[in-house]
Amino acid sequence: MLVIGLSSGTSVDGIDAALTDVTGRGERGRVRLVAYRTFPYPRGLRERLLAVQTGGRVDEISHLNAYLGELFADAAITIAAEARIALRRIGLIGSHGQTIAHQPYPRREGRHLVRSTLQIGEPSVIAERTGVLTVADFRPRDLAAGGQGAPLTPLIHQRCFRHPKRHRLVVNLGGITNVTWLPAGGSLNRVIAFDTGPGNMVIDGLMERWTDGRRTMDRDGRTAASGAVREDLLRALLAHPYLKTPPPKSTGRELFGRSLVARLWRRAAGGAVPPRDLVATATAFTARSIADAYARFLARLGPAHEVIVGGGGVYNATLMREVAAAFEPVPVTSMAAHGVNPKAIEAMAFALLAYTTFHGEPNNIPHATGASRAAVLGKIIPI
C-alpha cells in the first residue's frame, strides 16, 4: 500500500512528508521510502505556533488547527505530484500534526488522574482536500491507557534497523532526543524506547537568542566547533533531574525549551560564558545525555554493537563527533549508511502507524510508553 506520512516535530520548522510503500503485516513488515520533502512553514508561523504553546488564545489555536490542516494537505498533494503518483493511488495518509501541548504526567482532577496531549493540523481538512482516508491523533489513546504517548518511533526503528545478531541503539536527534534499544533479533516485546532529553532544542534556542532570530540552528555545528565546552556548566546540566528518572518517560519544551535557554543565556549576558562556548556546551550536553541514558538504563541489557543516528541533528557535524566520542569505541553511523533517509524517518513512522491502525494492529509498545496494554492508536477520517 502507498501511504503518505506527515510530521512536524518539536523544532517547529516545517512539515516532513514521506511517501512510502508499506508491505507485509506484523513484525516482519517493511517500509520503503518512495519520495521525501520538507515543506518549511510560511514566514512568521513558527513564532505563532511557539506562542500558543505558552498561553495561546483559544480562537488562535482553533484557527491554526484548521490552517495547519490546509498546509499538511498541500504537503501530501505536492509530494504525490512530485513522485508522479495520482492521489487516487494513495491508500492512506498518516498525520502526526504539530504538538502544542504534551502533559503525560497525571494531574488529579477529583477522582480522575488526567493525562493530556494536543496536536493540531485538522485531519478532516487533510482528508477533504486530498480525498484520501486519513489517520491522525496517535498519542491520546496511549495516554488514555496510562502511557506517555511517546515515543512513537520504535515501530519504524524496529522495521528498518532490526538485526539478527547485533544489539543496536537507534537515536533520533530531533528537537528532543529519543532512543530505541533493538536487541539482537529485534523482537518488539524486547524493544525499549524513551526520550533521553534535549536534541537540537537547546542548541537552536541559544542560536536564536544570540542572533535575534536571524539563525535558528547551528548549521553544520560550526559555532559549537569554534567554542569551548565549559565542563563546570556541563556538569550542572548533566545533573538535571529528568536524566536520572527511569523510563518510561517523555519530555519536551516544558523542560528543555525557552526557560532553560533563558537561564543559560543569562550567563552569557553577564559575561561569564561567551555565547559560542554556551553553544559548544549545549552540544556536548545533548551528546553526553544520550550516552548517560544508555549507561544508566540500557547497558545492563547487553553491549551495544552499534549506534545508528537519524533526525536533523545528524547533519550537525560537531554534535555527531560528540556523540561518537561519548560512545567510543562503539561505532556511530548515520541512518543513511543503512539505506534510510535520516530526516524522513519520523514521517515514515506515521505512515507505518497509519497502515497498522487501518489494519487494526496494536501499534504502541506498552513497555516503552508505560501503557497498561497494547492499543490501536489514532483516529480514522474516512472518505
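The values are calculated or read from the model by the stated rules, or taken from the named source; none is laboratory data. In this text, all values refer to a predicted model and were calculated from it rather than measured experimentally. Cβ sites come from the backbone with ideal geometry, for glycine too, and all protein chains shown count toward neighbours. Keep in mind that these areas ignore ligands, DNA and RNA; they rest on the heavy atoms of the full protein, side chains included. Shrake-Rupley method; radii C 1.70, N 1.55, O 1.52, S 1.80 Å.
General remarks:
- With one equal scatterer per alpha carbon and no solvent term, the Debye-computed log10 I(q)/I(0) for region 168-284 at 0.13, 0.14 1/Å reads -0.54, -0.62.
- Separation in nanometres of the label points that stand 7 Å from Cα toward Cβ, at THR78 and ASN341: 1.3
- Whole-Hz ³J(HN,Hα) from phi, Karplus 6.51 cos²θ - 1.76 cosθ + 1.60, for region 194-199, glycine and proline x: 6, 7, 8, x, x, x
- Projected-area average for region 253-367 over all orientations - Cα convex hull basis, square nanometres: 9.8
- Averaged over residues, the count of other Cβ atoms within 10 Å places the peptides 179-186, 6-13 in the sequence 6-13, 179-186, highest first.
- Here the Kirkwood formula puts the hydrodynamic radius of the chain at 20.9 Å, using every distinct Cα pair.
- Evaluating kT/(6 pi eta Rh) at 10 °C and 1.306 mPa s, with the Kirkwood radius of region 165-213 over Cα pairs in the Stokes-Einstein relation, gives 128 µm² s⁻¹.
- Between the residues PHE161, LEU233, ALA272, the greatest Cα displacement towards the positive end of the dipole of the chain, with unit charges on the Cβ of Lys, Arg, Asp and Glu, is found for PHE161.
- Here the Debye sum runs over all C-alpha atoms of region 18-93 as equal scatterers in vacuum, and log10 of I(q)/I(0) at q = 0.21, 0.22, 0.26 Å⁻¹ comes out as -0.94, -0.98, -1.17.
- Protection proxy ranking, peptides 357-364, 90-97, 39-46, average beta carbon neighbours within 10 Å, highest first: 90-97, 357-364, 39-46
- For region 1-40, carbon and sulfur atoms together expose 49% of the accessible surface, with a 1.4 angstrom probe and every protein chain in place.
- Only Cα pairs under 8 Å and 6+ residues apart enter the sum, and on that basis the relative contact order of the chain stands at 22 percent.
- Measuring between their Cα centroids, region 18-34 and region 216-248 lie 35 Å from each other.
- Sites ARG88 and ASP220, calculated FRET efficiency, Cβ-Cβ separation with R0 56 Å, nearest 0.05: 0.85
- Peptides 278-290, 206-218, 133-145 ranked from most to least packed give 278-290, 133-145, 206-218, packing being the mean of other C-beta atoms within 10 angstrom over each peptide's residues.
- Debye, to nearest 20: dipole size of the chain, +1 on Lys, Arg Cβ, -1 on Asp, Glu Cβ: 680
- Other residues with beta-carbon under 15 Å from the beta-carbon of VAL273 carry, at +1 per Lys or Arg and -1 per Asp or Glu, a net charge of +4.
- Measuring with a 1.4 angstrom probe and ignoring ligands and nucleic acids, ARG267 comes out at about 100 Å² accessible.
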